[in-house]
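Read the structure below first, then the notes.
Where a number appears in this text, it was derived from the coordinates with a stated rule and is not lab data. Fair warning: this is a prediction, and the values are worked out from it, not measured in the lab. Cβ placement follows ideal geometry from the backbone for every residue including glycine, while neighbour counts extend to all protein chains displayed.
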Amino acid sequence: MASFLFKTAIIIIFTASGFFLGNMLGRSVEGLITGLVSGLVFVFVAARLAVISIGSIISSVAGLGLGLLFAFFLLVPFKHVADEAAWRVSAFALSALFGYAGLVAGFIRGKSLTIPVMLRMFKGQDVQQDNKLLDTSVIIDGRIADIIEAGFIEGTFIIPQFILQELQYVADSPDPMRRARGRRGLDVLQRIQKMSSIKVNIIEEDFPKIKEVDSKLVALAKLMSGKIITNDFNLNKVAQLQGVSVLNINELANVLKPVVLPGETMNLFVVKEGKEQNQGVAYLDDGTMVVIENARKIIGKNAEVIVTSVLQTTAGRMIFARLKDEE
């Protein structure tokens, strides 16, 4: 409502100004129309600029200037060779062509030019930082802190305010389990911030028109040309579809699991019965499930088993084995 009133006031001011100026020159109607059109154009341009980043505006102006300058230098040698009419036509065509090309190129390139980046440029700092954006799920998970501490991930870690707000919302939940998860996430963040080997930035950048936190994170990653660190399967797919690089902690964990080949012998503790008749279930140190045939009778005991097959699924890896004594 306030925005509508502001726009209406601007149009009225422009229209009234045009009318009074036109009346002074004896052209009241022309002044009124000119003021009204100017007000509408001003409101339209202001609305468009409101959704365009400051970096895009600056880069567009710079690109336009460079395009016009290039066209000018290209035309200088022909100024005294071609006749006046041909030179004017050529000057207009080349200026329009290179000016428009520079404007578009600057607008596209300027999308990643934010105020923090421009400040780093003025200070002479490197703007090509390897930005990593942490999502809520990977912060609550906690393994990211161990991975960073081990030195396997480097760069600048970005924590947006909307991620902090979501963590705080979870930490204040009336549900004890959710509350514990939220507080764990805040503790993990505090631990990451204290690490001297990395840089952590908490930024205010937000996207008010985007409601979902995951969508905001993807938009921010595109804006900053950064990578998202997550263990959320759906966020992983959505980000990849939009051309954003993703580092998935679960995928890393699966890759780092030890390789087990059919025919290998292992000593395992059978903890429970399996889904099928007479099956027993054991687990490796990394949590991989091992299904053992005819092991129901030895639940609660250690047993030597031989791996028969390994099955890789989207949920992880399963190992099938049989008792060595059955040979």
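Show the residues, 5+ positions off or on another chain, whose built amide H is closer than 5 Å to the amide H of Ile202.
Ile159
Name the long-range amide H neighbours of Lys132: under 5 Å, sequence gap of 5 or more, or other chain; modelled H, no Pro or chain starts.
Thr156, Phe157, Ile158, Lys227
Apply the a/c threshold of 1.5 to the C-alpha gyration tensor of the chain and tell me whether it is rounded, prolate or oblate.
prolate
Under 10 Å, Cα contacts only: if you run a Gaussian network model on the chain, which one of Phe98, Phe44, Phe107 comes out with the highest mean-square fluctuation?
Sorting by GNM fluctuation, first place goes to Phe44.
For Val255 and Lys324, FRET efficiency with R0 = 25 Å and r from the beta-carbon atoms, rounded to 0.05?
The calculated FRET efficiency here is 0.30.
Mind checking which helices in the chain clear 20 Å along their axis (Cα) and have mean Kyte-Doolittle hydropathy of 1.0 or more, DSSP H runs only?
Correct list, ordered by number: 2-24, 28-50, 54-75, 84-109.
When Met224, Met195 are ordered from fewest to most other Cβ atoms inside 10 Å of their Cβ, what list results?
Starting with the residue having the fewest Cβ neighbours, the order is Met195, Met224.
Using 0.36 nm per residue of separation minus the Cα-Cα distance, give me the extension gain between Val45 and Thr156 in nm, one decimal.
Once the chain is fully extended between Val45 and Thr156, it gains 36.4 nm.
Report the full-extension gain for the segment Leu25 to Ile13: residue separation times 0.36 nm, less the Cα-Cα distance, to one decimal in nm.
Result for the pair: 2.5 nm of gain on full extension.
222 nm [θ] for the chain, helices only, -39500 (n - 2.57) per DSSP H run of 4+, per residue, to 500?
-17000 deg cm²/dmol
Which of Ile12, Ile228, Ile140 ends up with the largest GNM mean-square fluctuation for the chain, with Cα atoms connected below 10 Å?
It is Ile12.
Can you give me the Cα centroid spacing of region 149-192 and region 219-270 in angstrom?
One Cα centre to the other: 19 Å.
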